[in-house]
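Take a look at the structure below.
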Amino acid sequence: MASSAGSWRDAVAVTLLAAAPVVAYAPALREGRLLAPGDGAAFHLPVRTEAWRAWGRGEVPSWNSSVFAGSPLLASYRPGALHPLVLALAPVEPFAAFQTLVLASLVLAGPFAFLWTRRLGAEPVGAFVAGLGFALGPALVAHLGDTPAIVAAPALPLLLLAAEAHLQRPRATTVAGLALAVALVLLAGSPEAAGAGALLFGARLVAGLADARGGPGGTGPGSRSASRSALLAGAAVIAGALIAAPQLLPTLVALREAGPGGPGLAGEGEILAGWAGLVVRYVSHTPAAIFSLAAVPLLGALPASRAPAAVAVLALAVFAFRGIGAGTGVLPLAFDLALCALGGLSLSAQWRARREPRGRRLRLLALVAALCSVVSLSVATTVTGPLSPALAAPVGLLALGFILYFALAGRPETVTSHVFLLPLLASFLLQPWGRHAWAGAPTASELEEPTATREAVDRSMGPRRAERTLTLATAWPRARERDLAWANLATFAGRRNLNGYDAMVPASRRVLFDGMGVDGALPRPFLATDPGRLELLGVRWVQVPTQALVAPADRDGLGEDLDVVLEPPRPHLFPLPITPATEVRVVSFLTGATAVEQGRIVAECVVRLASGREIWHPIRAGVETAEWAWERPDVRAAVRHGMAPVHASFPVREGFTGHQYLGVLRLPGRFAVASLRFRAWPGAPPLWLLRAGLGDAQTGLAVGLSSASAYVSDEVRLAEAAGTPLVSLFEVRRGIGPAWVVESVRRLPDEAHLLDVLRAPTRLGVDARREALMTERDAAGVRLPSNSRSSPAFVARSAAGRMLVRAAGPGLLVLAEGYDAGWTAKVDTEDAAVLRVNADRIGVVLPEGTHRILLAHHARGFAAGLGLAALALSALALAVLAGQGRRGGRD
């Protein structure tokens, strides 16, 4: 009867724990908010959407073509594309599937934590508090946007539950169960969760061996049995890793090729770091910390508490040595679960003896810990600032739960003694809302429906919207992500971006842009390079936040370094947000201009107004600009124009002073300026345009031209396609586009030389439609047909890791898709080599005639991983069957 009552209580507790996350996150679900702010919306939802779309087409999700000109998807690891829950949700619409994935993981986390703590010997009430503290505790609520950690959350206590079952009675079925639990942790896509699981599991093995040996040097039968259990547990871990090999092997390949960088760049709300933040998060959120402090005297009497206690102490020691960050990690996740188990075991010990003197002493100790925690919370909030008013209700209910516990836990009436659980449960249910867990998370319509700005830009792109787009942003464009379809949001916008957000993107892809960040942000030096590289990389569109076209002006009313050379016949159009101005200020100098007479027009500046009207200004030698080496003795003797107003001077190695000159072009009034167009006059020497700005005499304000404006100013390479108040769009006039057949290859000694050519193709005479760049190593054995010619190519179909192209040879087909050794190609029915061209693009040699080229991507290591997984599963199945046979024989 007692066992039946205990099972009934366990069933009720598990049901409540499963329902708690649904109730806690119901406000977000009612609003249609994604259960993943920050990185969840910026990275985890898009990559999982790509994975689900691939599974829906019946393909392995090996390639993500929407970002970084293509990037490995399965190998990216964090999408968790092979996790059972992800596979099960493939038929569901992606947004709903994602919500279900997150909610189902949270629903399972509490019950599994409950069952694990019960297995450790906790009472139902203690295990219930432990389950609540994990599923709705500080780690998972504060980092709701870390979707892989959320998905891995139920697998962590499941792993430890399987470990307990194995260590208490090792047999083939427990080895198989432990192996499957290990595989689930590894397939979730969270390196942090995998590390936390390894730490918790390792601590349990060490504690088990120490208990069996009875101290150092123990060699009894119990020691041998424990050693055998540990060896079998190690075999189970290896088997679990082999089961996860279809995911792990491609990830290891990608990890070898990826550059530095990690997640967390999209932001996730304000998460308090440091010791003060740790105290605030735990003391105001969960009773686990207080009950864990009260568990210290119980460590000798509760062997099950030693492993979680060791993990918690280790985490605190590392925090003291290295500091406490605001993000997720191995130690914070392990610390949270260990603290929940310790708190549950401590409460259970108090509960068993609650009507005895020992129980009253334990509650008194817990009361002292609670009072100390309140004091520490008061001190911590002087550092972090006061708690949010929204937390008043959950923190007040948590305090009420403690008061009721200390006052009523010793009562003989069952209902009365359990009353403290009601405010405690309510406190946990209110914590996600009080802590704004989903603050800033988008709704489905916000993701899928374009903003007015993006809709206008998309209309300008027309049917070429799916061709590659590069966004000129040197930092994450806060508040402009949806307007730009920034980074991974390309998945929902029907775009294909050169930017992206993925820590596992190949380093070679980022090097193409002089070290692009894993979040797609461009380094500033890139903006000083030749936009001709865009033609070689297959870029069709360049977009830039309109406000990034200007920069804060310095005290001279000038902006950033432009370093634009004006030579006929290459005009430069500097687009601007509409800016009121009464004058244009230009810093420049001439080179090789000794023969230019005083007052001769060497260039012009056309000021285009928002009304469409244009105001023309000359730039004259000796008035607005002059020869930079005017004071060099031989130049000074021959120069035919005077010095313009000097803006800055600099010493030259030859012993004279060089100059930069300031020209002020006054407008005939105050006008709203939309752009500046500079053009060198025929026959004039080169004019170096160094800096520029617009001043407004009426307000005394000024703005400067930015390096982004200079980058898009080359009218030979780029044409302005759309100008909105928030986003400016430019079209690359020519280049390879999505695909092109070229007639020759320019061979370069090594990667460094190739990248140098890529940065300055105009100066080095590279024509993207006639030749491709290859290193000698990549070009070894490559021979183009002698009569190769340049011609367009047509991409008939392109989805994830499949491309169908129609092109005419002979020549070299160049595709604007990122190169990866996992690509294979067929020209008609014949296999063809996939070459790396233009530093990181795909090339295929075509013979004479019109051809159908089919390219397919296969995740490297996936096939081998499937073989290893099949072997591991077969071995486990045979071991289980053999074990059952032996037991049947004994019966």
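Need a quick list: helices (runs of 4 or more DSSP H) entirely within region 683-801 having at least 2 residues that are over 31 Å from the mean Cα position of the chain (by Cα). Give the steps one after another, and end with the answer.
On the way: elements: 707-711, 751-759, 776-779.
So the answer is 776-779.
Cβ-Cβ below 7 Å, separation at least six or inter-chain, first residue in region 571-596 and of a type in the set (Lys, Arg), second open to solvent by 10 Å² or more (accessible area, probe 1.4 Å) and assigned to a strand (DSSP E or B): which pairs?
585/662; 585/664
Restricting to region 168-183, name every residue that is within 21 Å of residue 87 (Cβ to Cβ) and open to solvent by less than 20 Å² (accessible area, probe 1.4 Å). Please lay out each step first, then the result.
Taking region 168-183 as the starting set, the residues that turn out to be within 21 Å of residue 87 (Cβ to Cβ) are 176-177, 179-183.
176, 179, 181, 182, 183, listed by residue number.
Taking residue 685, is it open to solvent by 10 Å² or more (accessible area, probe 1.4 Å), without any contact (Cβ under 8 Å) to a residue 40 or more places away in the chain, at negative phi and touching a Gly at 6+ places or on another chain (Cβ under 9 Å)?
Working: open to solvent by 10 Å² or more (accessible area, probe 1.4 Å): yes; without any contact (Cβ under 8 Å) to a residue 40 or more places away in the chain: no; at negative phi: yes; touching a Gly at 6+ places or on another chain (Cβ under 9 Å): yes.
Spelling it out, it is not the case that residue 685 is open to solvent by 10 Å² or more (accessible area, probe 1.4 Å), without any contact (Cβ under 8 Å) to a residue 40 or more places away in the chain, at negative phi and touching a Gly at 6+ places or on another chain (Cβ under 9 Å).
Just to check your reading of the model, which residue among 135, 155, 165 is surrounded by fewer than 24 Cβ atoms within 10 Å (Cβ to Cβ) and of a type in the set (A, V, I, L, M, F, W, C)?
Numbers: 135 fails: surrounded by fewer than 24 Cβ atoms within 10 Å (Cβ to Cβ); 155 fails: surrounded by fewer than 24 Cβ atoms within 10 Å (Cβ to Cβ).
The conditions single out 165.
Failed condition for residue 494, given (1) touching a helix residue (DSSP H, G or I) at 6+ places or on another chain (Cβ under 9 Å); (2) buried (at least 23 other Cβ atoms within 10 Å of the Cβ); (3) of a type in the set (Gly, Ala, Ser), with all others met?
Just one mismatch for residue 494, condition (2).
Which one of these is open to solvent by less than 20 Å² (accessible area, probe 1.4 Å) and under 29 Å from residue 836 (Cα atoms): 745, 766? Quick ask: steps written out before the conclusion?
Numbers: 745 fails: open to solvent by less than 20 Å² (accessible area, probe 1.4 Å).
Sole residue among the options that is open to solvent by less than 20 Å² (accessible area, probe 1.4 Å) and under 29 Å from residue 836 (Cα atoms): 766.
Is there a residue in region 849-856 that is under 29 Å from the mean Cα position of the chain (by Cα) and closer than 28 Å to residue 499 by Cα?
As a first pass, look at region 849-856 and keep what is under 29 Å from the mean Cα position of the chain (by Cα): 855-856.
Okay, now just the ones that are also closer than 28 Å to residue 499 by Cα, so 855-856.
There is at least one residue in region 849-856 that is under 29 Å from the mean Cα position of the chain (by Cα) and closer than 28 Å to residue 499 by Cα.
Based on this model, can you work out whether residue 406 counts as over 11 Å from residue 24 (Cβ atoms), open to solvent by 40 Å² or more (accessible area, probe 1.4 Å) and not acidic (Asp, Glu)?
Details: over 11 Å from residue 24 (Cβ atoms): yes; open to solvent by 40 Å² or more (accessible area, probe 1.4 Å): yes; not acidic (Asp, Glu): yes.
So residue 406 passes the test.
Does residue 616 satisfy the criteria of being within 25 Å of residue 563 (Cβ to Cβ), loosely packed, with under 15 Cβ neighbours inside 10 Å and of a type outside the set (Val, Ile, Thr)? Break it down into steps so the answer makes sense when it comes.
Numbers: within 25 Å of residue 563 (Cβ to Cβ): yes; loosely packed, with under 15 Cβ neighbours inside 10 Å: yes; of a type outside the set (Val, Ile, Thr): yes.
So residue 616 fits the description; yes.
For region 642-653, which positions are open to solvent by 60 Å² or more (accessible area, probe 1.4 Å), outside any strand (DSSP E or B) and over 25 Å from residue 667 (Cα atoms)? So that I can check it myself, show each step before the final result.
Quick first cut of region 642-653, residues open to solvent by 60 Å² or more (accessible area, probe 1.4 Å) only: 643, 645-646, 649-651, 653.
Okay, now just the ones that are also outside any strand (DSSP E or B), so 643, 645, 653.
The one that is open to solvent by 60 Å² or more (accessible area, probe 1.4 Å), outside any strand (DSSP E or B) and over 25 Å from residue 667 (Cα atoms): 653.
Return a yes/no flag: does region 566-574 have any residue that is over 13 Å from residue 678 (Cα atoms) and either touching a strand residue (DSSP E or B) at 6+ places or on another chain (Cβ under 8 Å) or assigned to a strand (DSSP E or B) (or both). It would help to see each step written out before you state the result.
Going residue by residue through region 566-574, those that are over 13 Å from residue 678 (Cα atoms) are none.
No, region 566-574 contains no residue that is over 13 Å from residue 678 (Cα atoms) and either touching a strand residue (DSSP E or B) at 6+ places or on another chain (Cβ under 8 Å) or assigned to a strand (DSSP E or B) (or both).
Of all the residues that make up region 577-613, how many are of a type in the set (A, V, I, L, M) and open to solvent by 30 Å² or more (accessible area, probe 1.4 Å)?
As a first pass, look at region 577-613 and keep what is of a type in the set (A, V, I, L, M): 578, 581, 584, 586-587, 590, 593, 595-596, 601-603, 606-607, 609-610.
From the residues that got through so far, the ones that are open to solvent by 30 Å² or more (accessible area, probe 1.4 Å) too are 578, 595, 601, 610.
Looking only at that region, the number is 4.
State which residue is surrounded by the most Cβ atoms within 10 Å (Cβ to Cβ) when the search covers only region 474-488 and only residues that are in contact with a Phe, Trp or Tyr (Cβ under 9 Å, 6 or more places away or on another chain) and of a type in the set (A, V, I, L, M).
Among residues in region 474-488 that are in contact with a Phe, Trp or Tyr (Cβ under 9 Å, 6 or more places away or on another chain) and of a type in the set (A, V, I, L, M), the one surrounded by the most Cβ atoms within 10 Å (Cβ to Cβ) is 487.
If residue 500 passes every condition in (1) over 22 Å from residue 716 (Cα atoms); (2) more than 16 Å from the chain's Cα centre (by Cα) but one, which one does it miss?
(2)
Determine which single condition residue 706 fails, assuming it passes every other condition in (1) polar (S, T, N, Q); (2) closer than 16 Å to residue 559 by Cα; (3) open to solvent by 10 Å² or more (accessible area, probe 1.4 Å).
(3)
Please verify whether residue 239 is at pLDDT 80 or above, closer than 30 Å to residue 169 by Cβ and surrounded by 18 or more Cβ atoms within 10 Å (Cβ to Cβ), treating the condition exactly as stated.
Working: at pLDDT 80 or above: yes; closer than 30 Å to residue 169 by Cβ: yes; surrounded by 18 or more Cβ atoms within 10 Å (Cβ to Cβ): yes.
Yes.
Can you tell me which of 500, 517 is touching a residue at least 40 places away in the same chain (Cβ under 8 Å) and open to solvent by 10 Å² or more (accessible area, probe 1.4 Å)? Please lay out each step first, then the result.
Values: 500 fails: open to solvent by 10 Å² or more (accessible area, probe 1.4 Å).
None of the other options fit; the residue is 517.
Which of the residues spanning region 825-839 are surrounded by 15 or more Cβ atoms within 10 Å (Cβ to Cβ) and either at pLDDT 95 or above or farther than 22 Å from residue 771 by Cα (or both)? It would help to see each step written out before you state the result.
Of region 825-839, the ones surrounded by 15 or more Cβ atoms within 10 Å (Cβ to Cβ) are 825-827, 832, 834-839.
825, 826, 827, 832, 834, 835, 836, 837, 838 - these are the residues of region 825-839 that are surrounded by 15 or more Cβ atoms within 10 Å (Cβ to Cβ) and either at pLDDT 95 or above or farther than 22 Å from residue 771 by Cα (or both).
Any chance you could count how many residues in region 628-657 are without any contact (Cβ under 8 Å) to a residue 40 or more places away in the chain and out of contact with any Lys or Arg (no Cβ under 6 Å at 6 or more places or on another chain)? Spell out the reasoning first.
From region 628-657, those without any contact (Cβ under 8 Å) to a residue 40 or more places away in the chain are 629-634, 636-637, 643-646, 649-657; that's our starting set.
Next cut, out of contact with any Lys or Arg (no Cβ under 6 Å at 6 or more places or on another chain) only: 629-634, 636-637, 643-646, 649-655, 657.
Here the count works out to 20.
Taking the criterion of being within 28 Å of residue 510 (Cβ to Cβ), out of contact with any helix residue (DSSP H, G or I) (no Cβ under 8 Å at 6 or more places or on another chain) and touching a residue at least 24 places away in the same chain (Cβ under 8 Å), would at least one residue in region 50-58 satisfy it?
Scanning region 50-58, I find at least one residue that is within 28 Å of residue 510 (Cβ to Cβ), out of contact with any helix residue (DSSP H, G or I) (no Cβ under 8 Å at 6 or more places or on another chain) and touching a residue at least 24 places away in the same chain (Cβ under 8 Å), so the answer is yes.
Does residue 625 satisfy being touching a residue at least 12 places away in the same chain (Cβ under 8 Å) and open to solvent by 30 Å² or more (accessible area, probe 1.4 Å)? Outline the logic, then answer.
Working: touching a residue at least 12 places away in the same chain (Cβ under 8 Å): yes; open to solvent by 30 Å² or more (accessible area, probe 1.4 Å): no.
Spelling it out, it is not the case that residue 625 is touching a residue at least 12 places away in the same chain (Cβ under 8 Å) and open to solvent by 30 Å² or more (accessible area, probe 1.4 Å).
So which residues in region 381-400 are open to solvent by 50 Å² or more (accessible area, probe 1.4 Å), of a type outside the set (A, V, I, L, M, F, W, C) and outside any helix (DSSP H, G or I), if there are any at all?
Selection gives 386 alone.
Name the residue that is farthest from residue 490 (Cα to Cα), counting only residues in region 1-27 that are of a type in the set (Gly, Ala, Ser) and at pLDDT below 95.
Our first condition is that a residue be of a type in the set (Gly, Ala, Ser); within region 1-27, this holds for 2-7, 11, 13, 18-20, 24, 26.
Now narrow it down to the ones that are at pLDDT below 95: 2-7, 11, 13.
Details: 2: 59, 3: 56, 4: 55, 5: 55, 6: 53, 7: 50, 11: 45, 13: 43 Å.
Among them, the one singled out is 2.
Out of the residues in region 346-362 meeting the condition of being among the hydrophobic types (A, V, I, L, M, F, W, C) and open to solvent by 10 Å² or more (accessible area, probe 1.4 Å), tell me which one is farthest from residue 408 (Cα to Cα). Walk me through it before giving the result.
Keep residues of region 346-362 that are among the hydrophobic types (A, V, I, L, M, F, W, C), which gives 347, 349, 351, 353, 362.
Adding the requirement that they be open to solvent by 10 Å² or more (accessible area, probe 1.4 Å) leaves 351, 362.
Values: 351: 11, 362: 14 Å.
Result: 362.
May I ask you to list the residues in region 628-641 that are part of a loop (DSSP other than H, G, I, E, B) and either open to solvent by 10 Å² or more (accessible area, probe 1.4 Å) or among the small types (Gly, Ala, Ser) (or both)?
Let us first name the residues in region 628-641 that are part of a loop (DSSP other than H, G, I, E, B), namely 628-632, 639-641.
Answer for region 628-641, where residues must be part of a loop (DSSP other than H, G, I, E, B) and either open to solvent by 10 Å² or more (accessible area, probe 1.4 Å) or among the small types (Gly, Ala, Ser) (or both): 628, 629, 630, 631, 632, 639, 640.
From the list 445, 508, 460, pick out the single residue that is among the small types (Gly, Ala, Ser), open to solvent by 20 Å² or more (accessible area, probe 1.4 Å), touching a Leu at 6+ places or on another chain (Cβ under 6 Å) and touching a residue at least 60 places away in the same chain (Cβ under 8 Å). Reasoning before the result, please.
Details: 445 fails: touching a Leu at 6+ places or on another chain (Cβ under 6 Å); 508 fails: touching a Leu at 6+ places or on another chain (Cβ under 6 Å).
Unique residue meeting the criteria: 460.
Conditions: (1) at pLDDT 95 or above; (2) touching a Pro at 6+ places or on another chain (Cβ under 9 Å); (3) over 22 Å from residue 523 (Cβ atoms); (4) surrounded by 22 or more Cβ atoms within 10 Å (Cβ to Cβ). Residue 696 meets all but one. Number of the miss?
Failing condition for residue 696: (4).
Can you tell me which residue in region 840-874 is farthest from residue 769 (Cα to Cα), limited to those that are assigned to a helix (DSSP H, G or I) and not aliphatic (A, V, I, L, M)? Give the steps one after another, and end with the answer.
Just the residues of region 840-874 that are assigned to a helix (DSSP H, G or I), to begin with: 862-874.
Now narrow it down to the ones that are not aliphatic (A, V, I, L, M): 862, 865, 867, 874.
Details: 862: 36, 865: 41, 867: 44, 874: 54 Å.
Filtering first and then ranking leaves 874.
The values are calculated or read from the model by the stated rules, or taken from the named source; none is laboratory data. The structure presented is a predicted model; accordingly, all values stated were derived computationally and were not measured. Positions of Cβ are generated from backbone atoms using ideal geometry, with glycine treated the same way; all protein chains shown enter the neighbour counts. Side chains included, ligands, DNA and RNA excluded: accessible areas come from the protein's heavy atoms. Shrake-Rupley method; radii C 1.70, N 1.55, O 1.52, S 1.80 Å.
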